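One structure below.
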Amino acid sequence: MSSELAKLKEESLKFREFYQPEFFRLSIKDDKIKFDELIKPGLVFVFDEISDQLKELIKSRHPSSRFEADDYAKLIDKHLAGVDIDDYGVWVYYPWSKRIVHILDEEEFIELRTSANKHKITTAERNILAGKKVGVIGLSVGQSVSVTMAMERSCGELRLADFDTLELNNLNRIRTGVHNLGLLKAYSVAREIAELDPFFKVVCYTDGITDENIDDFFLRGGKLDAVIDECDGVNIKILCRIKARELNVPVLMEASDRGTLDIERFDLEPDRPIMHGWLQHLNIDLDILKNLKTNAEKLPYMLPIAGLETLSSRMKASMIEMQVTLTTWPQLATAVTLGGAVTADTCRRIFLNQYAGSGRFFIDMEALVPDDRRKEHFEPKATVEITEQEMKEISGKALGILSKASYSPSTEQISDIVAAAIKAPSASNSQPWKWYYREGYLFLFYSDTGIVSFGDFEMMASDIAFGAAIENAALAAHAMGLDFNVDAAPVETPKVLVAVIRFDKKSTDNGLYRPDELVNYIGERVTNRNTGSGKAISKDIFNDLKDAVRSVAEVDLIIKDHPDELAQLANIVGPAERLKLLNPSSHYEFYNKELRWEEDNLSFDGVSIKTLGISQAEEIGLKMVKDPQAANLLAEWSGGQALEYTARKSIASSSGFGLITMSDFISMQNIVGGRAMQRMWLTATKNKISIQPLMAPLLYFARLRAGGNGMPDFMKKELEKLYERFCKLFPEAEERESVFLFRMGLSETPVMKSLRKPIGHVFMHY
Ligand SMILES: Cc1cc2nc3c(=O)[nH]c(=O)nc-3n(C[C@H](O)[C@H](O)[C@H](O)COP(=O)(O)O)c2cc1C
């Protein structure tokens, strides 16, 4: 770099310190001397439009008069009353731009500059507003509010607090020039105001708001009449509200998303809890607040303030992309401009006693100026659960074909058997079963709860659950000394009557066959979604699990536990879980049928958020994507990678994973596979090994391989890739059908167990 350039740069940097103009009234001797010195080197730009201003002033004072050009010369002369026009008014020097501008002096300047406000703002109102002091914290939306208020003169003093300097990526929403990069935001705003109205009082707090200066900010030079909070720091947000409440100062905040405006009238409601009471469940200890460092620590405070549910879809989708494809919250110039107007307008009305409310409001352009063209919404198909009458009719038909039962256990015994059966796992805890006991036969019916439908291609998921329930029932029957036999439905009732179970007295007491001891683990078995320790599981246990599966004919279990294989698995399950949330039909099912947010679950089915073993941040992610429009946007952007996090994290913490396979074309294939799965799961429970099914890939592959009906193209395309990965990971499974994929490990017991419908809802007898 040349030394001239370096010197010029250094010189120019000095101008960063200036934000206040200098005034020269040439009728004052001292001013005149200084002014002459200033202009002597000829290094300034001079702008003199004073006579036009005088002409305008005269015109504005005589609105009903029609003056000719000659009249103005005379009227201006009269107005000057002998003062030389150069000495009239004031010369204002802006050191940062080396500009000198000749303007009317304060009173006339303000009168003329605000003359077009009348009578939206009357002169009397203008005079009230001139006495108002406003503190602005944070200068993105804050810049827009400040400049708008100064322009309108809806207050007489602005105290601007921001420690930040301007960066290029601020210029999408902060109106300023590139020459101001690196300049303190507070100075940039102060300069902008000074350029449009040099008489406007601006005080800059370039450390932002701190413990040390907050009293000064609120009180020095007179108590603030309103605070505009536009800062990012959660502790400052709370701190300034506590102070505002203490001093009865109203607080306004605009969130530049959906035109969200918060108003807290601590001036009128001194006992009003801060932030509308949404933080009342939290510890508002300032020492704790000051030390909030991580996002996880700040989130509990930020969430109620941000109001997750009411964010725009684009904001929610963008939040999911934070730290993946985005580094900062999106904020648009339109939103910031609107925010400036909305806040300034409300603040003025508060000052003029034209508004007395508090609360959160939305000036949501998309809602106010809506796009009425029909959008495609996912329409779920109607589901109807099977009725007792239907079970009676179908079982009656079946009994016409079946021979008389050789042994009929009591209804109490059957009730106990069904009670064990329904403790079985089912996809999304859909419990797709109903049981009907009649004339010695126990009929198992499919009952469509609508909880799993997209993921239940050709009833794969339900059949596995039926298999698991049948296995539980068999174990319970054996424990009662009963023989247990399952047959496929004897009547043409496809997909409704699943199986018919016969009982017998055990002919010989040949001791329990191997898995029978598993009956003791039916109640203990649970889906464990917690992260594990990653510690190795012994080969003996793996062999135990394999034996359990292989005790059912034609079924096999492949187990893998190498870290590379776990990583490969995560690259299949993670994306499949993301697709589950981004595909409209599985999204609908997950949020409307499967997931239970509340502890209370009156339907006793579905999966409670509490059983998912996820962190608060992951839960927030799920909440963001609950909005179908946000999910659609993520799909459109090929985004949402953060939604893979939960699966990836839990797989990485696992000790291994398994795949249950079957030889092809076996009757009741998945039901048989489900029985083997349940034997494996109960064996794992016995060995204190935690199990979590990872079924999204298998269930979606089944649909994909049959043509992908109901799948959007983006999903099909990605699943094809995932299927290739899957075949690479499990080459052994190529010639067989994959039934059940799961991870296993050593994890803490879940805090909560999934509920089951009471037996009276699912078991009936003739
Ligand atoms: C066929 C099938 C598929 C399942 N898929 C998953 C899965 O992909 N992810 C998961 O976390 N749990 C899965 N589960 C577990 C169920 O959600 C769980 O069994 C149900 O909520 C009842 O809870 P419980 O197993 O603790 O009794 C699946 C269970 C079955 C039977």
Residues ASN520 and THR206, FRET efficiency given R0 of 60 Å [Cβ-Cβ distance, rounded to 0.05] = 0.25
Of all chymotrypsin sites (Phe, Trp or Tyr not before Pro) in segment 661-733, the ones in DSSP coil with at most 13 other Cβ atoms within 10 Å are PHE665
Amide N of segment 328-358 lying under 15 Å from the label point, which is placed 7 angstrom from the Cα of ALA124 along Cα→Cβ | 352-354
What whole number of Å gives the distance from the Cα centroid of segment 337-415 to the Cα centroid of segment 649-688?
-> 33
One finds, for MET302 and ASP487 with R0 = 45 angstrom and r their Cβ-Cβ distance, a FRET efficiency to the nearest 0.05 of 0.15
Along the Cα-to-C-beta direction of VAL46, a point sits 7 Å from the Cα; which residues of segment 1-30 have their amide N less than 18 Å from that point?
-> 22-30
Which angle between 0 and 90 degrees, to the nearest 10, do you get for helix 388-401 versus the longest principal axis of the chain when only C-alpha atoms count?
-> 30
On a 0 to 90° scale, report how tilted helix 411-421 is relative to the longest principal axis of the chain, with both axes built from alpha carbons and the result rounded to the nearest 10.
-> 50
Trypsin sites (Lys or Arg not before Pro), restricted to segment 110-154: which are DSSP loop and have at most 14 other Cβ atoms within 10 Å?
-> LYS118, LYS120
So what is the 222 nm mean residue ellipticity for the chain from helices alone, if each DSSP H run of at least 4 adds -39500 (n - 2.57) and you divide by all residues, rounding to the nearest 500 deg cm²/dmol?
-> -12500 deg cm²/dmol
Label-point separation (nm) for GLN389 and ARG725, each offset 7 Å from Cα along Cα-to-Cβ?
-> 5.0
Among rounded, prolate and oblate, which fits segment 108-224 when a ≥ b ≥ c are the square roots of the eigenvalues of its C-alpha gyration tensor, a/c under 1.5 means rounded, and a/b larger than b/c means prolate?
-> oblate
Select from TRP637, SER653, GLY707 the residue farthest towards the positive end of the dipole of segment 539-745; place +1 on Cβ of Lys and Arg, -1 on Cβ of Asp and Glu, and compute about the Cα centre.
-> SER653
Charged-residue dipole, Cβ positions (Lys, Arg, Asp, Glu), the chain about Cα centre, Debye nearest 20 | 1080
Cα to Cα, under 15 Å, and not fewer than 8 places away if on the same chain: which aspartates and glutamates meet these conditions relative to LYS593?
-> GLU379, GLU385, ASP448, ASP456, ASP605, ASP627
Using Cα centres only, tell me the gap between segment 192-219 and segment 719-766 in whole Å.
-> 61
Sites ALA536 and LEU268, calculated FRET efficiency, Cβ-Cβ separation with R0 60 Å, nearest 0.05 | 0.35
Give the total of Lys-Lys pairs in segment 388-521 with Cα-Cα distances below 25 Å; include a pair only if its members are 8 or more places apart or on different chains.
-> 16
Among ALA553, LEU622, LEU602, whose Cα lies farthest out toward the positive end of the dipole of segment 551-623, if unit charges sit on the beta carbon of Lys, Arg (+1) and Asp, Glu (-1)?
-> LEU622
Determine the relative contact order of segment 388-521: mean sequence separation of Cα pairs under 8 Å and six or more apart, normalised by residue count, in whole percent.
-> 29
Roughly what % antiparallel, to the nearest 5, for the DSSP beta bridges in the chain?
-> 65
Do any trypsin sites (Lys or Arg not before Pro) in segment 58-92 lie in a loop, going by DSSP, with at most 16 other beta-carbon atoms within 10 Å of their beta carbon, and if so which?
-> ARG66
Which value, in debye to the nearest 20, describes the size of the charge dipole of segment 1-104 about its Cα centre when Lys and Arg Cβ atoms bear +1, Asp and Glu Cβ atoms bear -1, and nothing else is charged?
-> 280
Just subtract the alpha-carbon distance of SER551 and SER60 from 0.36 nm times their residue separation and send over the number in nm, one decimal.
-> 166.8 nm
LYS293-SER97 pseudo-label distance in nm [points 7 Å out on the Cα-to-Cβ vector] | 4.4
Toy charge model, Lys and Arg Cβ at +1, Asp and Glu Cβ at -1: segment 212-282 dipole around Cα centroid in debye, rounded to 20, equals 140
Relative contact order of the chain: what whole-number percent is it, with Cα pairs under 8 angstrom and at least 6 residues apart?
-> 12
Kindly put THR325, THR260, THR493 in sequence by how many other C-beta atoms sit within 10 Å of each C-beta, fewest to most.
-> THR325, THR493, THR260
Whole-number percent relative contact order across segment 121-368, with pairs defined as alpha carbons under 8 Å at least 6 apart | 24
0 to 90° range, to nearest 10: angle between helix 539-550 axis and the chain longest Cα axis = 60
Label ASN172 and GLN280 with points 7 Å out from Cα along Cα→Cβ: what is the distance between them in nm?
-> 3.8
What is the list of residues in segment 296-323 whose amide nitrogen lies under 20 Å from a point 7 angstrom out from the Cα of GLN616, following Cα to Cβ?
-> 296-311, 316, 319-323
Charge dipole of segment 359-428 built from unit charges on the beta carbon (Lys, Arg +1; Asp, Glu -1), centred at mean Cα; most positive-end Cα among VAL384, SER410, ILE394 is SER410
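Taken together, the values in this text are just the output of simple stated rules run on the coordinates, not laboratory data. What you see is a predicted model; the values in this text were computed from it and never measured. Here the Cβ is made from the backbone with ideal geometry for all residues, glycine too, and neighbour counts use every protein chain on show.
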